[in-house]
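Some notes on the structure that comes next.
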Amino acid sequence: MAYLINQDNYFDMVQPAKSEELLNSIEVAHYPLQQQDFNDEYYKTMEAIPIPYLSTIDIECVYSEPPCLNPAATAYETNSEGEITYDDTTGLISNDTLTVNTIAYYAWGVVLNVTNNNAQATTTSTTSTTLNPEKAEGYCVVVVTAIPLKSQGLEGYTAKDTSSILENGVLKYSYPKNHLIQHRENAVDIATTLLATYVIPRKDISLDWRGDPSLELTDEVDVPEYNKNGIYTEGTFSIFKQIIKYDGTLKAKLEGRKVPETTTTTGAP
């Protein structure tokens, strides 16, 4: 149950009609995705990445065409030209100089934490240890294998409020295109939620009132919206800002946004 702030508790209330923010048609695009064939080089760094001797760096790889499934990143030791290094004896890829400490995968790419610990960079004698500059600096490239997901075309969903359109005309908003909105259900949820909020002209409220420190952001309060001629309406608002002052007496300024479909109308209280 929401916290009630009645006319005995507030000094001033402002509930402006923000006609410039009124919307009654919300369009949200979504991108149906289909799984593609496995790609053994979904991402590869364009050139060799230098890593100073005994240094640790983060390598950030941003996919050109996200998203994907089951990404797996590998850092390969290379020469300065970006050519992968192979062991002269076994013929296998050599990764003796690099240590991959962590790999963090994200929707947009991957971040590798890599250390150059090349043991061949130094020569140790009975009297001293000498650094070989030619072998000190390490190089690597990063290759990511993955299963790509490709968009099968752009589809859209539009939520409308017909009564508001008849009264105000079409006030349309197109939600920014986002490849992460991949299912119709996501588009429906976003469109209906935005419409429910922005179709209300007087959706915001500002109160100067006695205050209550127990109220927190996102808590809901019931506030009288209309009380004339025996008609009493009350709306529920979610708090998004609150400033509390104490100078011997407690006062607060509260700002809230109306929770859709919460207005109740009764006779005079």
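The values are calculated or read from the model by the stated rules, or taken from the named source; none is laboratory data. Bear in mind the structure is a predicted one, so any value in this text is a computation, not a measurement. No Cβ is skipped: glycine too gets one built from the backbone with ideal geometry, and neighbour counts run over all protein chains shown.
Only a single item in (1) exposed (fewer than 15 other Cβ atoms within 10 Å of the Cβ); (2) of a type in the set (S, T, N, Q); (3) at pLDDT below 90 is not met by N70, and it is number (3).
I'd like to check something: does the range 205-213 contain any residue that is surrounded by 14 or more Cβ atoms within 10 Å (Cβ to Cβ), in contact (Cβ under 8 Å) with a residue 24 or more places away in the chain and under 26 Å from N24 (Cβ atoms)?
Taking the range 205-213 as the starting set, the residues that turn out to be surrounded by 14 or more Cβ atoms within 10 Å (Cβ to Cβ) are 205-212.
Next cut, in contact (Cβ under 8 Å) with a residue 24 or more places away in the chain only: 205-212.
Filter again for under 26 Å from N24 (Cβ atoms), leaving 205-206.
So far as the range 205-213 goes, yes, one or more of its residues are surrounded by 14 or more Cβ atoms within 10 Å (Cβ to Cβ), in contact (Cβ under 8 Å) with a residue 24 or more places away in the chain and under 26 Å from N24 (Cβ atoms).
Reported count of residues in the range 220-240, each being touching a Leu at 6+ places or on another chain (Cβ under 8 Å) and either over 13 Å from Y3 (Cβ atoms) or charged (D, E, K, R) (or both), is 2. If you go through the range 202-218 and keep only what is within 22 Å of Q7 (Cβ to Cβ) and under 29 Å from the mean Cα position of the chain (by Cα), you end up with R202, K203, D204, I205, S206, L215.
Scoring Y42 on the criteria (1) assigned to a loop (DSSP other than H, G, I, E, B); (2) crowded, with 16+ Cβ neighbours inside 10 Å leaves a single failure, condition (1). Checking the structure you have, find out if any residue of the range 30-47 is in contact with a helix residue (DSSP H, G or I) (Cβ under 8 Å, 6 or more places away or on another chain) and under 30 Å from K258 (Cα atoms). For the range 30-47, residues in contact with a helix residue (DSSP H, G or I) (Cβ under 8 Å, 6 or more places away or on another chain) and under 30 Å from K258 (Cα atoms): present.
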